[in-house]
Amino acid sequence: MSQSIDNHERFENLRLELRRGCLSLAVLSQLKTERYGYTLRKALNEQGMEIDEGTLYPLLRRLESHGLLTSEWREEEKRNKRFYRLSPDGKQVLKQLAAEWQNINKSLNGIL
Amino acid sequence: MELLDRYLQAVQFFLPKKQKADIIAELSEDLRSQIEEKEAELGRTLTDSELEALLKRCGSPWEVASRYLPQRYLIGPTLFPAYRFFLGILLLGCVVPRFLVWIGFLIFDPADRGYLNMGNMLETIVSAAFFTTLAFAIIEWTGIKLKLMDYWNPRKLPPVKDPNRISRANSLVEIGALVVFFALFFQVLWPGPVIDMFGAKIVLAPAWRGFFWAYTVLAMCSLALSGVNLFRPYRTKSRAFWRLLLDVAGGAMFCWLLKAQLFLGISAPNLSEEKAAELTALLKLIMAKALPWAVVILVAILLMSSYRIFRVWSSDRRRNAIVPSVNGVTTSIATGT
C-alpha cells in the first residue's frame, strides 16, 4: 500500500517537473492575442494544460521581466484587469521555443 | 467576501513592498472572477465554507506570496556540500574529544572530572556552527564563490586514492623511527633500578622491567609488520588486525605506565633534595593528569584501527561481488590474505 503511494508521489513529482518546463511555452503561445490572467488560465485549462493562479501569475511576471510580454491595466466589465500580450522579443522566442519543442518531441517519439 | 479580503491581506503581508498593490490587485481580480463564475453556476452566493474551500485550494497566504519572491538562500546548493562537510568536522572536533576526555576523567580520576566543564559544550557547538555558517554565507554572497569555482584545474586534482594501499614512504619512516626508538630505548632506558639520563638519576619501580621488555617485544612486532608492509604494500585483513592488536596493546601499556606511577624519584648533582622532591611530585602529577588524555588517544587509535579493518573487509566484499562467475563458480581476486 505504502509502496503504491510512494510510486504515485514519485510519478506526480516527475509529471509536475515535466509539465513545468512546458508551461512557459504554453503561456507564450496563448498570448499571441491579448488576454488577462483569468481568461488565460481558463483557455489553458480548456486545452488540457491545467495551471493554478499561484503558478500562472508569478510566471507571467517573470516572462514580463525578461521582456517577453507586455502588460497594461485596463477597465473591463467595471473591473480593473491586467492584460498581457507577446512583445516583439516574445514572438521571436516563441518561434524558437516552438521549434525546439518540435525537435524534442520528434526525438522523444523516436526514443520512446 | 470578508474571508477573501482577510486572505488577500494575509498574502499582502509577505509580499515585497514595491509589488504589493499590483500583485494583490491581480490576484483579487482572479479570485473574484472565480467566485463570480461559481456563483453563476450555482445561481446563488457562495457560503463561507464554499469560499473557504476555494481559498484553501489556492494555498496558504505564505505559500502564495512565496511564489512571487525570488529564491533566497543563505548558502546555495553549490557550496552546501562543502558547508555540511566542514560543519560536521567542526562539530565532531568540538564534541568527540571533550566527551572522550570527560569519560577518561570519569573512569580514572572522578574527583577531577570537573576540570572539564561540559556545561559550556553547547556554547562551543553553537559558536562553531555560527561562525562556520557566517564564513560560508560571506563566501556565497560576496562573489568569492565565483572565484573559488573558477580556480580549479583537472591536473591539480588529487590523484585517485586507494585507501588500502600502504605508502612505501610511510613504511620506511616507520622502520626508521622504530630503529631510532630501539637505539634510544636500549641505551637510555635499560631496565636497571636507576636510569641515568643526561646526568640525572631517575629511580623507577621494579615493575618498570616488565614494561620495558613488553614494550620491546611490541616494538619488534611493529618493526616486522612495517617490514612486511614495505614489500607488500597492500592492507590485508590479517595485517590490519595485527596493526590493531599492536596499536591497542601499545596504547594500553602506556596508559598502565601512567597509572602505575613507576616514577619514584629523581636526583641530579645541582638539584637540592627539596627541589628533587618537588620535581618528583610535579612529574607524578603530570603523569596522573595525562592519563585521561592517553585514554582518549587509545580510544581514537582503537576506532581508527577498527575502521581500517572494516575498510579492508568492505573493499574485499565489493571486489568479490563484481567478479563474474565462471561456469557457475564465483572467482575472487587474490587479496593477499
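The values are calculated or read from the model by the stated rules, or taken from the named source; none is laboratory data. Values in this document were obtained by computation on a predicted structure and should not be read as measured data. So basically every Cβ, Gly included, is an ideal-geometry build from the backbone, and we count neighbours across all protein chains shown.
Conditions (1) within 14 Å of chain B (Cβ to nearest Cβ); (2) exposed (fewer than 10 other Cβ atoms within 10 Å of the Cβ); (3) at pLDDT 90 or above, marked per residue:
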{"position": "A:S4", "(1), (2), (3)": "no, yes, no"}
{"position": "A:E12", "(1), (2), (3)": "no, no, no"}
{"position": "A:K81", "(1), (2), (3)": "yes, no, yes"}
{"position": "A:S107", "(1), (2), (3)": "no, no, yes"}
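Across region B:128-140, what is the number of residues that are without any contact (Cβ under 8 Å) to a residue 24 or more places away in the chain and within 18 Å of B:R72 (Cβ to Cβ)?
Let us first name the residues in region B:128-140 that are without any contact (Cβ under 8 Å) to a residue 24 or more places away in the chain, namely B:130-131, B:134-135, B:138.
Subset that is within 18 Å of B:R72 (Cβ to Cβ): B:134, B:138.
The total comes to 2.
Please pick out the residue among A:L63, A:L68, A:L86, A:L94 that is of a type outside the set (S, T, Y), within 14 Å of another protein chain (Cβ to nearest Cβ) and surrounded by 15 or more Cβ atoms within 10 Å (Cβ to Cβ). Quick ask: steps written out before the conclusion?
Values: A:L68 fails: within 14 Å of another protein chain (Cβ to nearest Cβ); A:L86 fails: within 14 Å of another protein chain (Cβ to nearest Cβ); A:L94 fails: within 14 Å of another protein chain (Cβ to nearest Cβ).
Every option except A:L63 fails the conditions.
Across region B:107-160, which residue is modelled with the lowest pLDDT among those that are over 30 Å from B:A290 (Cβ atoms), among the β-branched types (V, I, T) and more than 21 Å from the chain's Cα centre (by Cα)?
Result: B:I144.
Are any of the residues in region A:26-41 among the hydroxyl-bearing types (S, T, Y), surrounded by 14 or more Cβ atoms within 10 Å (Cβ to Cβ) and closer than 19 Å to A:W101 by Cβ? If you could, list the steps in order and put the result at the bottom.
Filtering region A:26-41 down to residues among the hydroxyl-bearing types (S, T, Y) leaves A:29, A:33, A:36, A:38-39.
Pick out the ones that are also surrounded by 14 or more Cβ atoms within 10 Å (Cβ to Cβ) and you get A:29, A:36, A:38-39.
Next cut, closer than 19 Å to A:W101 by Cβ only: A:29.
Checked against the condition, which is being among the hydroxyl-bearing types (S, T, Y), surrounded by 14 or more Cβ atoms within 10 Å (Cβ to Cβ) and closer than 19 Å to A:W101 by Cβ, region A:26-41 yields at least one hit.
Restricting attention to region B:168-183, report how many residues are small (G, A, S) and either under 10 Å from B:N229 (Cα atoms) or not in a helix (DSSP H, G or I) (or both).
The qualifying residues number 1.
Table: residues versus (1) under 26 Å from B:L15 (Cβ atoms); (2) not charged (D, E, K, R).
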| site | (1), (2) |
| --- | --- |
| A:N13 | no, yes |
| A:L16 | yes, yes |
| A:R35 | yes, no |
| A:E53 | yes, no |
| A:L68 | yes, yes |
| A:E76 | yes, no |
| A:Y84 | yes, yes |
| A:A99 | no, yes |
| A:S107 | no, yes |
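Checking B:L271 against (1) in contact (Cβ under 8 Å) with a residue 40 or more places away in the chain; (2) surrounded by fewer than 17 Cβ atoms within 10 Å (Cβ to Cβ); (3) under 30 Å from B:K237 (Cα atoms), only one condition comes out false. Which one?
(3)
Is region A:36-51 home to any residue that is within 14 Å of chain B (Cβ to nearest Cβ) and in contact with a strand residue (DSSP E or B) (Cβ under 6 Å, 6 or more places away or on another chain)? It would help to see each step written out before you state the result.
Step one: of region A:36-51, the residues within 14 Å of chain B (Cβ to nearest Cβ) are A:36-46, A:50-51.
Narrowing further to those that are in contact with a strand residue (DSSP E or B) (Cβ under 6 Å, 6 or more places away or on another chain): A:36.
Yes, there is a match, as at least one residue in region A:36-51 is within 14 Å of chain B (Cβ to nearest Cβ) and in contact with a strand residue (DSSP E or B) (Cβ under 6 Å, 6 or more places away or on another chain).
Can you confirm whether B:A177 is of a type in the set (A, V, I, L, M, F, W, C) and within 30 Å of B:L279 (Cβ to Cβ)?
Numbers: of a type in the set (A, V, I, L, M, F, W, C): yes; within 30 Å of B:L279 (Cβ to Cβ): yes.
Yes.
Given region A:7-112, what helices (runs of 4 or more DSSP H) lie entirely inside it while holding 1 or more residues that are touching a residue at least 40 places away in the same chain (Cβ under 8 Å) and of a type in the set (V, I, T)?
On the way: elements: A:37-46, A:53-65, A:88-111.
Here the list reads A:88-111.
Modelled with pLDDT of 90 or more, among the charged types (D, E, K, R) and within 11 Å of the chain's Cα centre (by Cα): which single residue out of A:R41, A:R20 fits that description? Please lay out each step first, then the result.
Details: A:R20 fails: modelled with pLDDT of 90 or more.
Exactly one residue qualifies, and that residue is A:R41.
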